[in-house]
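K.L.:
My questions will all concern the structure given below.
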Amino acid sequence: MKFHLSKEKLLEGLQQVQSVVSTRTTLPILSNVLLQTNGKGINMTTTDLDVGVRCNIEAEITEAGATTLPARRLFNIIRELPSSDVQFESDAKNVASIHSGQSFFKILGLPEEEFPPLPKFEGAKVYTLRQGQLKDALKKTSYAISTDETRYVLNGILCSFKEGKLTLVATDGRRLAMVDLELEIAPGKEASVIIPAKAINELQRLLKDDGEIEIRLGENQVAFELNGTLLVSKLIEGNYPNYRQVIPNEAKERIELERETFLNAVRRVSLLTSEKSNSLKLIFTKNNIDIAANSPEIGEAKESLPVKYGGKDFTIAFNPEFLMAPLRNLPEDTVYLDLIDEMSPGVIKINTSFLYVLMPMRISY
Amino acid sequence: MSRVALLSEIVASQVAAGEVVERPASVVKELVENSLDAGARTIETVTARGGIALVRVTDDGHGMDRDDALLCLERHATSKIRTGADLAAIATLGFRGEAMPSIASVSRFRLATREPGALAGTEILVNGGKIETVRDCGDAPGTSVEARALFFNLPARRKFLRSEATESAHVETQLQMLAIAHPSVRFIYIRDGRTVFQLPAVTRLLDRIRDLCGAEAADELTPVEDGGRVAENDLKISGFIGKAGVSRGNRSSQRIFINGRAVDNGVVNQALREGYHTALMKGRYPVAYLFLEMDPAAVDVNVHPAKREVRFRAPGSVREALTAAVRRTLEAGRADWSRSFHQPPLPEQTRPAAMVPALAVADRAASNSSPAAAARFDRADFSTPDLALPVAPPALGLPVAKPPAPLFPEEGAAVVSTRKEEAPAGGAPRGAASAGAFKILGVLGKLYVLMENASGLVLVDQHAAHERILFEELRRRLEAQEVNSQKLLMPLTLQLGPKDADWLRQNLEPLQKMGIGLEDFGAGSFKLDALPPFLQGGEPLALVREIIDALQAAGSGTSRLRLGEDMIAKTVCRHAVKANDVLRERELVKLLEDLLACELPYCCPHGRPTMIQMSYGELERKFGRRAP
């Protein structure tokens, strides 16, 4: 295999695929990136057996072929190359030579055949949507994914293709974020799958504001094709909890909040919550919220926020981190906080389709 | 023909023997207990070939007349109880009236006894349950019982005996237990013609333990602080337990006696463990010689023929009393422990020669009143040319040591070179133990603080010490405030067995206080809808189950932070100073002072020791100055 291309092109491609490579693996081939020539350039593929990424970069091919090379090392070398012009060549023994300016590198690779092939998607259900839309929806939900590996079904985002919309749901059992996206779903294409957090992270990195993304749903895998890059991932098997039942049907009080102002106030007050008794009180009085926190061993903080509020006086406590997470990830200027009473879930909403349910804390001081 | 037939007396005895006489050690136990019940002052036990060939127990007790001697070989004949009411309050070791006929039925048996006033004694020979000879004999006052060829007529049973060495070990353990339980009785044990031990009658239990287990084992013990009788069941706890940090790999060093009877009881074992709590590493067992005295009516010993098991009428209160006593003892032990640190090192002339140069650090009071004077360090020795050993400062001094420069620059001019004799600053007289001056010699490997106290060298693990300090601080802090609880989005159902469910139903409120929201749903199921915020990660149901198990074992009245302790231990581990963190002298002083102020300073929350004492004796042995 022999080709030549610009350093920047090569770097761009490696950047897209290298983050999938696992750092600790018992299978050396998984540390490698697969390079294959095609008609117009080369394909680069990496996988950790759960998630795989393939991208195309343009190159001038002089001799077709394929090889695999250690991805991180290759990336570090390419990044440091002195000249923009890169000559790449690999022999039958998978020894690759890289020439660039006055530099010369020889790297030992592994044969292409050892590289686990990415799954095929035949007879898959295909959906198309705008990248910007999905990117926005993932940003609004992915922070609520559970990192607790004992409840593996929660370690991903539920994607439900039903009733003319794609619903994305993430929860860790204490709060839940949900977004609905309008999507035309042909009959027989309804589906509900859980996409693991790692694939979501990769996808968020690859998503751009413009262009389209094609989602292909196989039996237990999913593929995303966008900007000429292919991302495939296994799905999390299992039953996602019935999230509908935790969403309150009604709200007694709706408080309109300026997102930035509220977020900043909460962040300031939360400086005085201790790591262990992580709670923050919202004290509602007429046209005012007091955001308060106290830790006996540190001190206390309070900030008043004028709001429109005409309901009865009451106090509710939340985990400040759970309260701030959606505020940080929403672009909207105005958010609504829907509450029922101090022991019922609170809901954060915006004017478009978004919903965040968070459970209050029972506090006793 | 009738299918049911009455067993002959001998067969019935043999059946009963199966329960009472399991192995030679049980023969020894029954016979020695009889001797003790007979008021013996000296008990001699002789065994041959692991007790299989011979067990002979001779005592100087009150003996029996001929009628009694014959009667005692009948089943259910006993001098110890008379009516069923006596069973409710058994004060003697034996009472079932089974031991003698049982042993007699499975061995070649000889009983010789004489009452002190009687002219002649009685000798009875029994062979496999059949009385063969009854005659006069002339023995010393007391009783001698001999069982030879155990199980000679029960080959199946004999097959189940272990090797002679194993049986011997069991006999010895049994005798040790009995000897510990009765220090005022002289015990002699002769095995295969050799005296294994000969324990003089002593008045103090500790002397008996020392005689039996050696001085070193006895030094590791501390007397149990009995917090007064527990009113409810008049329980009195005495004996010795291992000091904090003393542990064994198994339970064999836990000797528990209830009303003088050695028992193995789960409640007591749990209470002991719970009392030690963080003073023991996981998988280690405490050392204990514990005596529980209680109203005989409050404990049922008639559970098992060998009486190894007992049942308490109120296990909860026994457990709580015992746990409290152990905890009190360990906390009291702290006072002695910290006193040994505050003892000023021995005067120069009595110290072994060639002591390393030392930094004398003044007590905290002195440093508060005159910070400048607080740090007078013995720099002189580092530069003394005629120092016997060429000591390299970096190896011994504090890590910041640069020989020519003042050790702690921030102390400025206050660094005054003094001789050791003048070391304690602020005018505190050297001899005053209350001055609280401990001597920090330096830090080894940026981890071990070397200190000197009256008995020698002390090594303190700075990480473990700091962990313990933070652990107690955080726990105190959290105890002061209520535990919050985070509601769950989706309540979970917990399904429990009837026993657990019953326990849980009665303990919903304490759990609520711990931040666990549980609601009874009936039929053994509970709804879990809230968890304390620090219980994150891990399957909630599994966590709650674990907590329920732990709390059940720990008994009620435990700290409601009990379930957060693992979390606290983990947190403080992160925040504590690590190995390789260079601590300045002032930080060291503070660390040690705080450590001494801890409830349980000797070990970190995981149970690893925070400090190790190397006595002068140990050092002298290592240097060959003293015979080991």
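The values are calculated or read from the model by the stated rules, or taken from the named source; none is laboratory data. Worth saying up front: this structure is predicted, and the values here are computed from it rather than measured. FYI the Cβ positions are ideal-geometry reconstructions off the backbone, even for glycines, and counts take in every protein chain you see. In case anyone asks, the SASA skips ligands and DNA or RNA and just uses the protein heavy atoms, side chains included. Shrake-Rupley method; radii C 1.70, N 1.55, O 1.52, S 1.80 Å.
K.L.:
Starting from the Cα of B:LYS590, draw a straight line to each of the lysines and keep only those under 28 Å, dropping any in the same chain fewer than 8 residues away.
P.N.:
The reachable lysines, counting only those whose Cα sits under 28 Å from B:LYS590, are A:LYS276, B:LYS243, B:LYS402, B:LYS420, B:LYS439, B:LYS446, B:LYS570, B:LYS578.
K.L.:
With charges set only on the Cβ (+1 for Lys and Arg, -1 for Asp and Glu), what does the dipole of the stretch B:3-203 come to about its Cα centre, in debye to the nearest 20?
P.N.:
Numbers: 24 positive and 25 negative charges, 138 e Å.
That gives the stretch B:3-203 a dipole magnitude of about 660 debye.
K.L.:
Considering only DSSP beta bridges with both partners in the stretch B:220-332, what is the antiparallel share in %, to the nearest 5? List each step's numbers first, then the result.
P.N.:
Numbers: 16 of 21 bridges.
Of the beta bridges lying entirely in the stretch B:220-332, close to 75 percent run antiparallel.
K.L.:
Could you work out the relative contact order of the stretch A:133-260? I mean the mean sequence separation of Cα pairs under 8 Å and 6+ apart, divided by the number of residues, in percent.
P.N.:
Result for the stretch A:133-260 is 21 percent.
K.L.:
To the nearest Å, what is the center-to-center distance of the stretch A:112-129 and the stretch A:1-40, using C-alpha atoms only?
P.N.:
Each part's Cα centre sits 18 Å from the other's.
K.L.:
Hey, got the average number of other protein chain Cβ atoms within 10 angstrom for residues in A:356-363? Each step should come with its number before you reach the end.
P.N.:
Numbers: counts 0, 1, 3, 7, 4, 8, 12, 6.
Taking all residues of A:356-363 together, the mean is 5.
K.L.:
In Å², nearest 100, what accessible area do chains B and A bury in total when the solvent probe is 1.4 Å?
P.N.:
2600 Å²
K.L.:
Summing Lys, Arg as +1 and Asp, Glu as -1, what charge do residues with Cβ under 12 Å from the Cβ of B:SER615 carry, B:SER615 excluded?
P.N.:
Every neighbour counted, the sum reads -2.
K.L.:
So, for the stretch B:220-332, what is the accessible surface per residue at a probe of 1.4 Å, expressed in square angstrom?
P.N.:
Details: 4540 Å² over 113 residues.
I get 40 Å² per residue for the stretch B:220-332.
K.L.:
Among the DSSP beta bridges whose two residues both lie in the stretch B:3-203, what percent are antiparallel, rounded to the nearest 5?
P.N.:
Percent antiparallel among DSSP bridges in the stretch B:3-203 is about 85.
K.L.:
Please name which of A:GLY228, A:LEU129, A:VAL266 has its Cα lying farthest along the dipole of chain A towards the positive end, using unit charges on Cβ (Lys, Arg +1; Asp, Glu -1) and the Cα centre as origin.
P.N.:
So the residue we want is A:VAL266.
K.L.:
Under 5 Å between amide hydrogens, which residues at least 5 positions from B:VAL458 or on another chain qualify, with H placed 1.01 Å from N in the peptide plane?
P.N.:
B:MET451, B:GLU452, B:ASN453, B:MET614
K.L.:
Now for a separate question. Can you return the lysines within cross-link range of A:LYS139? Criterion is Cα-Cα under 23 Å, with same-chain partners fewer than 8 residues away left out.
P.N.:
A:LYS139 reaches A:LYS162, A:LYS165, A:LYS198, A:LYS208, A:LYS234, A:LYS349.
K.L.:
Still on this structure, I have one more. Karplus couplings for the stretch B:614-626 from phi (6.51 cos²θ - 1.76 cosθ + 1.60, θ = phi - 60°), rounded to Hz, Gly and Pro as x?
P.N.:
10, 6, 4, x, 5, 5, 5, 5, 5, 8, x, 7, 9
K.L.:
Apply the Karplus curve 6.51 cos²θ - 1.76 cosθ + 1.60, θ = phi - 60°, to the phi angles in the stretch B:257-268 and return the couplings in whole Hz, x for Gly and Pro.
P.N.:
Using θ = phi - 60°, the values come out as 10, 10, 6, x, 10, 5, 9, 10, 9, x, 4, 5 Hz.
K.L.:
Classify chain A as rounded, prolate or oblate from the Cα gyration tensor: take a ≥ b ≥ c as the square roots of its eigenvalues, call it rounded if a/c is under 1.5, otherwise prolate when a/b beats b/c and oblate if not. If you can, show how the numbers build up before the last one.
P.N.:
Working: a/c = 2.72, a/b = 2.04, b/c = 1.33.
Verdict is prolate for chain A.
K.L.:
So what is the relative contact order of the stretch A:234-335, in percent, for Cα pairs below 8 Å that sit 6 or more residues apart? Don't jump to the answer; show the numbers that get you there.
P.N.:
Values: 147 pairs, mean separation 30.3, N = 102.
Relative CO of the stretch A:234-335 lands at 30 percent.
K.L.:
Do any chymotrypsin sites (Phe, Trp or Tyr not before Pro) in the stretch B:122-213 lie in a loop, going by DSSP, with at most 13 other beta-carbon atoms within 10 Å of their beta carbon, and if so which? Walk me through the numbers on the way to the answer.
P.N.:
On the way: sites: B:PHE151, B:PHE152, B:PHE160, B:PHE187, B:TYR189, B:PHE197; in loops: B:PHE151, B:PHE152, B:PHE160.
Hits after loop and neighbour filter: B:PHE160.
K.L.:
How large, in percent, is the carbon and sulfur part of the accessible surface of the stretch B:3-203 at a probe radius of 1.4 Å? Walk me through the intermediate numbers first.
P.N.:
Details: 4870 of 9280 Å².
About 53 percent, which is the carbon plus sulfur part of the accessible surface.
K.L.:
Could you work out how far helix A:197-206 tilts from the main Cα principal axis of chain A, as a 0 to 90 degree angle to the nearest 10?
P.N.:
70 degrees
K.L.:
Rounded to the nearest 10 Å², what accessible area does B:ARG110 have for a 1.4 Å probe in the complete protein model?
P.N.:
60 Å²
K.L.:
What does the average come to when, for each residue of peptide A:238-245, you count the partner chain Cβ atoms lying within 10 Å of its Cβ? Write down the numbers at each step before the final one.
P.N.:
Working: counts 0, 0, 0, 3, 1, 2, 0, 2.
The shielding value for this peptide is 1.
K.L.:
Can you give the accessible area per residue of the stretch B:167-216, in Å², using a 1.4 Å probe?
P.N.:
Values: 2290 Å² over 50 residues.
About 46 Å² of surface per residue is accessible.
K.L.:
What does the structure give for B:28-40 when I average, per residue, the other chain Cβ atoms found within 10 Å of the residue Cβ?
P.N.:
On the way: counts 0, 0, 0, 0, 0, 0, 0, 0, 0, 0, 0, 0, 0.
Other-chain Cβ atoms within 10 Å of each residue's Cβ, averaged: 0.
K.L.:
In what sequence, highest mean first, do A:290-296, B:117-123 appear when ranked by Cβ atoms within 10 angstrom? Spell out each step's value before the answer.
P.N.:
Working: A:290-296: 19.1, B:117-123: 16.1.
Most protected by this proxy first, the peptides run A:290-296, B:117-123.
K.L.:
Shifting gears a bit: Mind listing the long-range amide H neighbours of A:ARG174? Cut-off is under 5 Å, sequence gap 5 or more, other chains count too, H placed in the peptide plane at 1.01 Å from N.
P.N.:
Answer set, sorted by chain and number: B:LEU489.
K.L.:
Residue by residue through the stretch A:258-272, which ³J(HN,Hα) values in whole Hz follow from phi under the Karplus form 6.51 cos²θ - 1.76 cosθ + 1.60 (θ = phi - 60°), with glycine and proline marked x?
P.N.:
Along the stretch A:258-272, the couplings run 7, 4, 4, 4, 5, 4, 5, 5, 4, 5, 4, 5, 5, 4, 9 Hz.
K.L.:
Right, something else. Just give the residues from the stretch A:255-286 buried by at least 50 square angstrom of accessible area in the all-chains context relative to the isolated chain, probe 1.4 Å, and say none if nothing qualifies.
P.N.:
The answer is A:LYS276.
K.L.:
Another question about this same structure. Just reorder B:LYS527, A:LYS234, B:LYS130 by solvent-accessible area, largest first, 1.4 Å probe, all chains present. Write out the running numbers ahead of the final one.
P.N.:
Details: B:LYS527 50, A:LYS234 95, B:LYS130 120 Å².
The ordering from most to least exposed comes out as B:LYS130, A:LYS234, B:LYS527.
K.L.:
Along the positive direction of the dipole of the stretch B:3-203 (beta-carbon charges: Lys, Arg +1; Asp, Glu -1; about the Cα centre), which of B:GLY51, B:ALA38, B:ALA104 reaches farthest?
P.N.:
B:GLY51
K.L.:
Mind listing which GluC sites (Glu not before Pro) in the stretch A:62-144 are in a DSSP loop and have 14 or fewer other Cβ atoms within 10 Å? Could the numbers behind the result be given before it?
P.N.:
Working: sites: A:GLU63, A:GLU80, A:GLU89, A:GLU112, A:GLU113, A:GLU114, A:GLU122; in loops: A:GLU122.
Within the stretch A:62-144, the qualifying GluC sites (Glu not before Pro) (loop, at most 14 other Cβ atoms within 10 Å) are A:GLU122.
K.L.:
Return the whole-Å distance between the Cα centroid of the stretch B:238-291 and the Cα centroid of the stretch B:175-215.
P.N.:
Cα centroid to Cα centroid, the span is 21 Å.
K.L.:
Given a 1.4 Å probe, how much area per residue of the stretch A:125-243 is accessible, in Å²?
P.N.:
With the other protein chains kept in place, the stretch A:125-243 gives 42 Å² per residue.
K.L.:
Ok, one more. Using alpha carbon centroids, what distance separates the stretch A:293-365 and the stretch B:1-56, in Å?
P.N.:
First find each Cα centre; the distance between them is then 76 Å.
K.L.:
Would you mind putting A:16-23, B:199-206 in packing order, based on average other-beta-carbon counts within 10 Å, highest first? Before the final figure, lay out the partial values.
P.N.:
Details: A:16-23: 18.2, B:199-206: 14.9.
For the peptides A:16-23, B:199-206, the packing ranking is A:16-23, B:199-206.
K.L.:
If you keep only loop residues by DSSP, which trypsin sites (Lys or Arg not before Pro) in the stretch B:1-83 have at most 15 other Cβ atoms within 10 Å of their Cβ? Before the final figure, lay out the partial values.
P.N.:
Details: sites: B:ARG3, B:LYS29, B:ARG41, B:ARG49, B:ARG56, B:ARG66, B:ARG75, B:LYS80, B:ARG82; in loops: B:ARG3, B:ARG41, B:ARG75, B:LYS80, B:ARG82.
Those that pass, being in a loop and sparsely packed, are B:ARG3, B:ARG41, B:LYS80, B:ARG82.
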